[in-house]
Amino acid sequence: MDLLTVNNLNFYYGSNKSLDDVSLPIRRNSVTALIGPSGCGKTTLLRCFNRMHDLYPGNRYEGEILMDGRNILDRSEDLISLRSSLGMVFQKPTPFPMSVFDNIAYGLRLRRIRNSALIRDKVEKSLRQAALWEEVKDRLKESALGLSGGQQQRLVIARTLAVDPEAVLFDESTSALDPVSTQKIEDLMIELKKAVTIVAVTHNMQQAARVSDYTALMYIGKLVEYDRTEVIFTKPKHKMTEEYVLGKFG
Amino acid sequence: MSGIAKRKLSNSVAMGISVLCAAIGLGLLFLILYDVVRHGLSSFGWTLFAKDPAPPGMAGGGLRSAILGQILLTAAALLAGVPTGVLAGTFLSEYGRSLKLSKIISAVSDMAVSIPSIVTGAFVYAILVKPFGGFNGWAGAAALAIIVLPVIVRTTESMTSMVPWSLREAAFALGAPYHRVIVGVVWRAAAGGIFTGVLLAAARAAGETAPLLFTSFNSGHFSLNMSRPVPSLTVTIYQYAASPYESWVALAWGAALAVTAAVLLLNVTGRVMIGLKQRR
């Protein structure tokens, strides 16, 4: 079953076409990796899913991204609920300048949840899901800015999970982290896909191979190949895919 | 002379001139502080804060009315200027960040910071004193508000635009509408800087004389009535220092010390906060 279906998607920054006729499915409860050299459009595609581009002027979408039968690229799409159901974790950790607890509670309070017992439960559950609870349970009232980079990134994941998203979009979320923290987040992705759908942009070939179920290779705004990850890494149909996963370019 | 010796010499000369100029500047500043403290201390005591000015020629008396009036005027100015300035600065860095108008407003605010304050005073005189038939505290507060407004607009704008966009995106990605992003994340991240700006603006307002001469003027009586003239330390200094009465001149020195100490305190607090913020 597909959570999202991308059909003939074009995306323009001003007059610059940065996505060219991209079509692929995002399967539920799996990890889809978007790979490709810098500037290939993988992050641009990811940011189409939660309409992040709408924050900046001069962008245009063509084609469709279907979710539950509706095109989320429609002007009428409610971006607030769309972004609640498709959470995003960025390249650099983005803890808010408030306590660990308030960071997680931020999204809940946005949804006007006022019941403090409910918020407490949800904060603990999300931190456990993000494998951070044991490390921060005694410092929930402390500033989140005091956590290490890896902890901050897991805090951001917990914050995203707290609002029960359907999917979490990872935008090179381990590229600023040390190997141990990266490992933790990769383990987390595999664990999380039981509950949510994951789309991960990554520069790291090993990461894509280790973590993902499906891989899409992009190049200059086009989708080169999309398939099950083992197919992409072992017997890809395109020569370019083979060369890229072997590290011959990019 | 070899090249290196020449360069060393010109370096020493440049360094010497710089140090000399710095010493002159600092020396004058400390001379002023020394003089204010030396003269001010003699009339500095509890009576300065607890009593109103004595009639001319009589010894004693204090500056209770001027101190309270100064606080009243400054507080009223901040009450009007801070919310307006913070919201305007936020507009410039957020909703209006890609508008040409915002850049114009920014530039105009920069110019407004350096408008001679006596011009502001004359302007407020024309619209809030003349038509209402007399000097009044509201006009004084309005003049000070006009002076602090551009400072707060620009501080807020630069502090909020220093908040990284990724932080806003993270809040948007959680489904936050823009106003919640601003209140919950942007302002919170910029709060220290904005507060520092407000302190520095308050220091600026508290040290102004010219705009008050035209507006709130002065009064020897203790009053919280803003529709009447309201006394202030700075105008008191101006009037008392030029008076022929020794006791008034002494009070003027006391007022000078009080206002200098207050402005210095606000400034130092502001700077220390900036320092702490940058170290983090």
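Every number in this text was worked out from the coordinates using simple rules, so none of it is lab data. Since the structure is predicted, the reported quantities are computational estimates derived from the model, not experimental observations. Every residue, glycine as well, gets a Cβ built from its backbone with ideal geometry; the counts of neighbours run over all protein chains shown.
For segment A:2-245, the C-alpha radius of gyration divided by 2.2 N^0.38 Å, with N the number of residues, is 1.01.
Taking A:Lys42, A:Lys193, A:Lys235 as the candidate residues, the one with maximal mean-square fluctuation in a Gaussian network model of chain A, Cα springs under 10 Å, is A:Lys235. Cross-link reach is defined here as a Cα-Cα straight distance under 30 Å, omitting same-chain residues fewer than 8 places apart; for A:Lys239 the lysines meeting it are A:Lys17, A:Lys42, A:Lys222, A:Lys248. Three principal axis extents describe the C-alpha atoms of segment B:48-279; from largest down they are 71, 42, 27 Å.
Once you reduce segment B:127-206 and segment B:1-66 to the center of their Cα atoms, the two points are 31 Å from each other.
With the alpha-carbon atoms of segment A:38-105 aligned to their principal axes, the span from lowest to highest coordinate is 41, 31, 21 Å, starting with the largest. The Rg/Rh ratio for segment B:141-280, using Cα coordinates for both the radius of gyration and the Kirkwood hydrodynamic radius, is 1.15.
Per-residue ellipticity at 222 nm, computed for chain B from helices alone with -39500 (n - 2.57) per DSSP H run of at least four residues, works out to -24000 deg cm²/dmol. Between the C-alpha center of segment A:59-83 and that of segment A:3-47 there is a gap of 14 Å.
Our helix-only sum for chain A, with -39,500 (n - 2.57) per DSSP H run of n ≥ 4 divided by its residues, gives a mean residue ellipticity at 222 nm of -10500 deg cm²/dmol. For segment B:114-193, the set of chymotrypsin sites (Phe, Trp or Tyr not before Pro) satisfying both a DSSP loop assignment and a count of at most 10 other C-beta atoms within 10 Å is empty. Computed over the alpha-carbon atoms, the protein assembly as shown gives an Rg to Rh ratio of 1.14, Rh here being the Kirkwood radius from the mean inverse distance. As a ratio to 2.2 N^0.38 Å, the alpha-carbon radius of gyration computed for segment B:3-42 takes the value 1.92.
Sorted fewest first by neighbouring Cβ atoms within 10 angstrom, B:Arg228, A:Arg83 come out as B:Arg228, A:Arg83. Bridging of A:Lys125 to lysines at a Cα separation below 17 Å is possible for A:Lys137, A:Lys141, A:Lys193, A:Lys194, once same-chain residues fewer than 8 apart are set aside.
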